[in-house]
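Okay, structure first, notes after.
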Amino acid sequence: MGVHYNKADFITYGKPSLFLDFANKKSLIDRISGNNLITFTRSSTGTYVGADGLIKTAAADEARFDHDPDTGESLGLLIEESRTNLITHSTSFSGITTGTFGSGGTLPTGWNVDQSQQGTNLDIVDYGTENGLDYIDLRFYGNVTYPNRWLIRPGSSVGLTTNISYHSSCYAKLISGSTSGLVVQFSVRGGFNGAALSGIDTNLKRYDGNWTATSTGTYYPRLDVGLNASSGSYDLTIRFAAPQVEQGAFLTSYIPTSGSTVTRTVDSALLSTSNWWDYTQGTAYAEYRGGLESNQNGYGRVWSPSGAATFIAGSASHVYNNRHSVWFGGSSVNVSGQEHLSAFAKNAITYSNNGTNCDIVNVSYPAIVTRTTNSSVTSTTHGIGRNVYGTTNMLNGHIKQLIYYPTILTNAQLQSRTK
């Protein structure tokens, strides 16, 4: 949940001049001044998980304060790059009729059966809304006479480009039966991988998979269910919701569509220095997770002043080798740690500026690293979860807290702050 600031913290670290407590307050308001110092924009709507576990929709230019769907933990401010859901019919279902497909049962408008498994049936059992998502319950059952599996297409084809990374995702839940021995996945057909659903249980969860296109062309996204054999029987009912295919090497928040592809535009958060910033010296602290960026060079920024300086950046490689970076004046300090993409990191950096050169005094995560570099910090605006110069180097993750002290904390204070 992040750290609540109290009198004991003031005694330990001194009073900060800026305290953005996104996780606990779910607000852009600075707790020290009581003012909103952040200009937040996003030209489209965007979804997030509410405290009640339901998928919510934030209006254009509304910040998203996300939550863990399983535990309800407040994750703080969500910052993401622009993404497009290539699935054309992921929500707002219409035209559904319950019953056996081909004998009265019909799929939602825009959906199709591209292939059936001989000897088996498909029933449209039910449809509705769960956790804020439109779902359809599908029953697959019978005695197999040929290995062709059921292929259910939720919309139009998608265009793919060779050697580009894509991510497939959907929500799924087991209503009855078992996936044992069956192929159950949401994928883009034509030799590409997707989201494996063989481990689904009785809770509605999101499943996803990353893959790289091996050729350029048009392919169909499909729910793929059945027995990969010429004989046998099965009876499986699953709940299927919110299919998404997006270009990028990692998963982002759900983008609803209802007849055409939809783009969620980039989140932009710019922080005014106002009266809290000290040009001559200071300490910046952040608690965050993320750091990956799509088709961009460099690291996903967490806190980025102008003047060729970046306080804190999440390394694109830290999901693999447990590294984080703190940038200042273009020089980075790689700090070992146990954090990774699914966990939150804590970084703090101190600096002093004599007007020409700006030196890193110390970096803590939670070990102390000393690094000196020449730069200048002349910023009147800081980028939060992005490069201050533009919506590049996106964090693509969550920020729980940003704290700024107009003093240089000691090594002991830095270690305590980031433990």
Inset, instruction - Report the one residue of Gly209, Tyr135, Gly110 whose Cα lies farthest in the direction of the positive end of the charge dipole of the range 99-263 (charges on C-beta: Lys and Arg +1, Asp and Glu -1; origin at the Cα centre). - result: Gly209
Legend entry - Estimated dipole of the range 99-263 in Debye, rounded to 20 [Cβ of Lys and Arg +1, of Asp and Glu -1, Cα centre]: 220
Inset, instruction - Would you mind checking which residues have amide H under 5 Å from Glu130's amide H? H placed 1.01 Å from N; only 5 or more apart, or other chain. - result: Tyr135
Inset, instruction - Can you tell me the dipole magnitude for the range 116-198 around its Cα centre, using point charges on the Cβ only (Lys, Arg +1; Asp, Glu -1), in Debye to the nearest 20? - result: 320
Inset, instruction - Quick one: compute a quarter of the convex hull surface over the Cα atoms of the range 99-263 and quote it in nm². - result: 9.1
Legend entry - Gain upon complete extension [Ala60, Lys419; 0.36 nm per residue less C-alpha separation]: 125.6 nm
Inset, instruction - Would you mind checking which residues have amide H under 5 Å from Ala58's amide H? H placed 1.01 Å from N; only 5 or more apart, or other chain. - result: Gly46, Thr47, Tyr48
Legend entry - Local electrostatic count at Asp61 - Lys and Arg +1, Asp and Glu -1, tallied over other residues with Cβ under 12 Å: 0
Legend entry - Hz values of 3J(HN,Hα) by residue in the range 164-173 - Karplus curve (6.51, -1.76, 1.60), Gly and Pro given as x: 9, 7, 9, 9, 9, 8, 6, 9, 8, 8
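Just so you know, all these numbers are worked out from the coordinates, no wet-lab data involved. Computed from a predicted structure; not experimentally measured. We place every Cβ from the backbone using ideal geometry, glycine too, and count neighbours over all the protein chains shown.
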